[in-house]
Amino acid sequence: MSTATVTLSNHGRIEIPKHICDELHWESGHALILETTETGLLLRPQAAKKPRRLEDLRGFLKQDGPSLSTDDLCAPVDARADWAAAEQRCR
């Protein structure tokens, strides 16, 4: 672990010394989170978002009742009946 003294610029910026960035493997453009604490500031890297794979979404949407077949899912939808009921609710 290293320690460094930095100075706040007129624009509220600080420059993190290169040896600290190298030690932490931070590069230009790296997203960081700045938090205030009771004792000062905490600067930490923002967790990288993992890309989602299609397999990760399996079971994401829960349905009560029996599963629908692919044919039922792909069947055309007649929205007229639901549209009339929705119009009645809005009046």
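The values are calculated or read from the model by the stated rules, or taken from the named source; none is laboratory data. Because the structure is a prediction, the values reported are computed rather than measured. Here the Cβ positions follow ideal geometry from the backbone for every residue, glycine too, while neighbour counts run over all protein chains shown.
Structure above, values below:
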| read-out | value |
| --- | --- |
| Residue in the stretch 68-79 that is closer than 30 Å to Ser2 by Cα and either part of a loop (DSSP other than H, G, I, E, B) or out of contact with any helix residue (DSSP H, G or I) (no Cβ under 7 Å at 6 or more places or on another chain) (or both) present | no |
| Filtered residue count, the stretch 19-28, keeping only those that are surrounded by 10 or more Cβ atoms within 10 Å (Cβ to Cβ) and among the charged types (D, E, K, R) | 2 |
| Filter result (among the charged types (D, E, K, R) and either surrounded by 10 or more Cβ atoms within 10 Å (Cβ to Cβ) or in contact with a Phe, Trp or Tyr (Cβ under 9 Å, 6 or more places away or on another chain) (or both)) within the stretch 70-91 | Asp82 |
| Restricting the stretch 33-69 to residues that are at pLDDT 80 or above and on the phi > 0 side of the Ramachandran plot, the residue that is surrounded by the fewest Cβ atoms within 10 Å (Cβ to Cβ) | Gly65 |
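Residue-by-condition table, conditions (1) touching a helix residue (DSSP H, G or I) at 6+ places or on another chain (Cβ under 8 Å); (2) within 20 Å of Thr7 (Cβ to Cβ); (3) in a helix (DSSP H, G or I):
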position: Ile20; (1), (2), (3): no, yes, yes
position: Leu34; (1), (2), (3): no, yes, no
position: Leu43; (1), (2), (3): no, yes, no
position: Ala48; (1), (2), (3): no, no, no
